[in-house]
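The values are calculated or read from the model by the stated rules, or taken from the named source; none is laboratory data. As the structure is a prediction and not an experimental result, all values here were calculated from the model. All Cβ positions, even for glycine, are placed from backbone atoms using ideal geometry, and neighbour counts span all protein chains on display. Heads up: the accessible areas ignore ligands, DNA and RNA and are worked out on the full protein's heavy atoms, side chains in. Shrake-Rupley method; radii C 1.70, N 1.55, O 1.52, S 1.80 Å.
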Amino acid sequence: MLRTDADPPAFESGSLVPVATYLLVISVLSGLLFVAPGASPPPLLGMAWGVFLVALVIGALGVEGVSARTILPSARTLLAAVGSVVVFWTLYNLVAAVLATAGVHGFETTLSRVAANPMLYLAALLSSLVFTAIPEEFLFRTYLQQKLTALAGGGTRRAVGSGLVVVAVLFALFHLPRWFIGMEHGIGAALGSRLLTLTLMGVAYGVVYALTRNLWLVALFHATMNQPPLLITVDVPSEMHFAVGLVEYVAIVAIVYLTTRVTESEPSVPVWTRTETGSATSDQPRTARS
């Protein structure tokens, strides 16, 4: 079971809390990057950053009158989330192996560093999951996406889409301090491509969350995309990054959507088929999220 059983939270405050939360996150991140510039922060600083994000979101939820426990998915959804991610990466590796065998540029038949050092990969994946993916998805999807959806009206296709897209853009802009301060890049075509790819990533994660409201699932995808577990060596040319990313994220959404349709036994009306609160269009899917 991928979908959560809990109802969407009822936030008590207006737009000031999410705006202040996001600006505080950007300010603190920028300050940390001035202290410790570079592509990867020191481990202790990375851990502190993850703890800060979680504490900040819990505090924002408290101001909103929402208990964090009520919007976190139950432990029983974790196994299904892991299974979905394993299915995705199994298919990913099979496709990559076929492309490598066919001699497609960017895919080699030699074993990757992941295959050569699996324990090192698992340690990096666990660290990315606990201190990066879960805190960031807790902020952007569990809080901001649901909050902005509520501000947009909540419970309608337009509200869900608006909250999803706005948060995807905020997710992309969230990476700007690292681009300018940590990595010392400038303004140019590379920045535009990076922001577009990150926005696409945010949309994919947002759709996965809208389908399931499962923090564990979207965080697992986030962490594995940061540390792709490929058995063979893959070095995609830079000009192909966006196209490859588009295929990856469409595949993620497709697998999650199909999994929810196959595994959910009790149909209800999904929010993306509603044109106004409480009403549904005539083309509702047979299954729906809770």
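Annotations for the structure displayed:
- Flag set for Ala10, criterion: closer than 27 Å to Gly155 by Cα, among the small types (Gly, Ala, Ser) and modelled with pLDDT under 95.
- Within segment 13-29, residues that are farther than 13 Å from Leu176 by Cβ have Cβ atoms under 6 Å from residues that are assigned to a helix (DSSP H, G or I) and open to solvent by less than 40 Å² (accessible area, probe 1.4 Å) in these pairs: Val17/Ala60; Pro18/Leu144; Pro18/Lys147; Thr21/Ala60, counting only partners at least 6 apart in sequence or on another chain.
- Within segment 195-248, tally of residues that are more than 19 Å from Ser127 (Cα to Cα) and part of a helix (DSSP H, G or I): 29
- Pairing residues of segment 117-144 that are under 18 Å from Leu45 (Cα atoms) with residues that are open to solvent by 50 Å² or more (accessible area, probe 1.4 Å) and not hydrophobic (A, V, I, L, M, F, W, C), at Cβ distances under 6 Å and at least 6 apart in sequence or on separate chains, gives Ala124/Gln227; Leu125/Gln227; Ser128/Asn226; Ser128/Gln227.
- Residue in segment 174-193 that is within 16 Å of the chain's Cα centre (by Cα) and free of Cβ contacts under 8 Å to residues at least 60 places away in the same chain present: yes
- Residues of segment 220-256 that turn out to be open to solvent by 50 Å² or more (accessible area, probe 1.4 Å), among the polar types (S, T, N, Q) and either more than 18 Å from Leu99 (Cα to Cα) or touching a helix residue (DSSP H, G or I) at 6+ places or on another chain (Cβ under 6 Å) (or both), as a count: 2
Let's see how each residue does on (1) surrounded by 14 or more Cβ atoms within 10 Å (Cβ to Cβ); (2) closer than 19 Å to Phe11 by Cβ:
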| residue | (1), (2) |
| --- | --- |
| Leu33 | yes, no |
| Pro37 | no, no |
| Trp49 | yes, no |
| Arg69 | no, yes |
| Ala75 | no, no |
| Ala80 | yes, no |
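- Wholly within segment 94-184, helices (runs of 4 or more DSSP H) carrying at least 2 residues that are under 26 Å from Met240 (Cα atoms) and not β-branched (Val, Ile, Thr): 113-116, 118-128, 157-173
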